[in-house]
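Notes for the one structure printed next.
The values are calculated or read from the model by the stated rules, or taken from the named source; none is laboratory data. Just so you know, these numbers come straight off a predicted model, no measurement behind them. Counting neighbours? That spans all protein chains shown, and the Cβs are built from the backbone with ideal geometry, glycine included. Each accessible area value is taken on the protein alone, full model and side chains, heavy atoms only, with ligands, DNA and RNA left out. Shrake-Rupley method; radii C 1.70, N 1.55, O 1.52, S 1.80 Å.
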Amino acid sequence: MDRYKQIETFVQVAEAGSLAAAALKEGVSPVMLGRRIDALEKRLGIKLMYRSTRRLALSEEGGAFLERCKQLLGDWEMAENEISAGRHAVSGHLIVSAPAAFGRKHVAPHAPAFLRQHPEVQISFNLTDRVVDIVREGYDMGIRIGGAVDPNFVAVKLAQNRRVVCGTPAYFARHGRPKTLEDLAKHNCLAFNLQGGQQRGWYFKRQGKLVTIRVAGNLDCNDGELLHRWALEGLGLGWRSTWEIQRELLSGELETVLDEYALPDYDILAVYPQQRFQPARVRLFIEQLRQIYARPNYWLENA
C-alpha cells in the first residue's frame, strides 16, 4: 500500500475527528480508511490512535507523529507546486465558509470571475451565521466578521468595518435614545439566539476595555439578514456591521447611537489554518476579495 496515502489518510482522519467525517470528505468508505491506518500502524509497530464508531483519540506517539506528517505533506505539496510552476494552472477544490448574508452579497458573487481566471478550480460555499470549526469540518478557509481569531489560524484583513447599534428614527421617537450602555436594558434589542452561534450579548469598548452587555428583546433568530430587516422595520435596536447598513445610514432610514462605545476594529477577515504551505487557490481567492473590497465606493454600490 502507498506509504504517502497512508500518511495522508492518518492526517485527514486526525483533523476530521472521526473515520466517518474523513471518509465523507474523500468520498470513500470508513472501512477503507481504517484499513490504511491499520497498515500504517502495523508497519510502524506503534498504536497511533484509539478509534470507536463515534470518535477517536490520538496516542502520545500519534500526536507527535501527526505534526511530523503534516509538515511532510506540506513540504511535499510545496515541492510539487514549485516544480510545476509555470506549467500548470491553479487547480483543486476550494471549500469556503462565510456568514450567510455577507457570503450571498460579497463572497459567492465573485466566484464566477475567479473561475474564469482559474477554470481548473472548483469552489464550494457553506453560508451560515454559525461559527464553524474550519479544520474539523474540512474547510480551506473562512470569512469572519470581527471576533477573536484562534492563534492556530492566519487572519488576513480584507476590509475595514465597525459594529454599531442602530435603529429607525420612528423607533427612537417612540422609545428614546440610549445614552449609556446600561440603557440598552430598557430597549427591545434584536439579537442572535444560541442557534446563531452567539451568546445573547453585544460587545463594546469602554475606557479602552472590551465589555459585554447582555441584551433582551421579543425577537431573536439565527440569521443576520432577518435581524437587519427587523431593525429597518422599526421593531427594535440592531447591532449591525457598517458594511451592511451604509446605504440606510446615508438615506437616514437608520441612525446610530452609542457611537463612542462602538467596536472600531470589527473587521472583515479571511482565516485559514496556520501551515507552512498555503495552496495557491486559497491565496489567490483571498487576494481577489481584498482587491475587490478596496475599490472606491464598492460597499455603497453593492449594498
**Request:** Write out, first by first residue and then by second, each pair whose Cβ atoms fall under 6 Å of each other, whose residues are 6+ apart or on separate chains, and whose first residue, in region 73-101, is farther than 18 Å from ILE286 by Cβ and at pLDDT 85 or above while the second is open to solvent by 30 Å² or more (accessible area, probe 1.4 Å) and of a type in the set (A, V, I, L, M).
**Result:** ALA100/LEU127
**Message:** Being in contact with a strand residue (DSSP E or B) (Cβ under 9 Å, 6 or more places away or on another chain), more than 30 Å from HIS93 (Cβ to Cβ) and open to solvent by less than 60 Å² (accessible area, probe 1.4 Å): is that true of VAL257 here?
**Reply:** yes
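Right, LYS186: open to solvent by 60 Å² or more (accessible area, probe 1.4 Å), over 18 Å from the mean Cα position of the chain (by Cα) and more than 16 Å from GLY147 (Cβ to Cβ) or not? Step through it out loud before you land on a result.
Numbers: open to solvent by 60 Å² or more (accessible area, probe 1.4 Å): yes; over 18 Å from the mean Cα position of the chain (by Cα): yes; more than 16 Å from GLY147 (Cβ to Cβ): yes.
Yes, satisfied.
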**Subset of region 122-137 [open to solvent by 10 Å² or more (accessible area, probe 1.4 Å) and either assigned to a strand (DSSP E or B) or touching an Asp or Glu at 6+ places or on another chain (Cβ under 9 Å) (or both)]** = GLN122, ILE123, SER124, PHE125, ASN126, LEU127, ASP129, VAL135, ARG136
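Condition check ((1) open to solvent by less than 50 Å² (accessible area, probe 1.4 Å); (2) within 15 Å of ALA101 (Cα to Cα)) across all residues:
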position: LYS205; (1), (2): no, no
position: GLY208; (1), (2): no, no
position: ARG214; (1), (2): no, no
position: ASN222; (1), (2): no, yes
position: LEU226; (1), (2): yes, yes
position: LEU237; (1), (2): yes, no
position: TRP243; (1), (2): yes, yes
position: LEU250; (1), (2): no, no
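Can you go through ALA170, ALA155 and tell me which one is touching a residue at least 24 places away in the same chain (Cβ under 8 Å) and farther than 26 Å from VAL211 by Cβ? Give the steps one after another, and end with the answer.
Numbers: ALA155 fails: farther than 26 Å from VAL211 by Cβ.
The conditions single out ALA170.
Considering only region 254-303, how many residues are out of contact with any helix residue (DSSP H, G or I) (no Cβ under 8 Å at 6 or more places or on another chain) and not polar (S, T, N, Q)? I'd like the intermediate steps shown before the answer.
Keep residues of region 254-303 that are out of contact with any helix residue (DSSP H, G or I) (no Cβ under 8 Å at 6 or more places or on another chain), which gives 259-260, 262-267, 269, 271, 273-274, 278, 281-283, 286-287, 290-291, 294-297, 301.
Still in the running and not polar (S, T, N, Q): 259-260, 262-267, 269, 271, 273, 281-283, 286-287, 290, 294-296, 301.
The qualifying residues number 21.
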**Request:** Exactly one condition in (1) touching a Lys or Arg at 6+ places or on another chain (Cβ under 8 Å); (2) surrounded by fewer than 16 Cβ atoms within 10 Å (Cβ to Cβ); (3) of a type in the set (Gly, Ala, Ser); (4) on the phi > 0 side of the Ramachandran plot is not met by SER59; state its number.
**Result:** (4)
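Of the residues in region 138-147, how many are in a strand (DSSP E or B), under 15 Å from PRO273 (Cβ atoms) and open to solvent by less than 50 Å² (accessible area, probe 1.4 Å)?
Step one: of region 138-147, the residues in a strand (DSSP E or B) are 141-145.
In the following step, the residues that additionally are under 15 Å from PRO273 (Cβ atoms) were identified as 141-144.
Then keep just the ones that are open to solvent by less than 50 Å² (accessible area, probe 1.4 Å); that gives 141-143.
Going through region 138-147 one residue at a time, the tally reaches 3.
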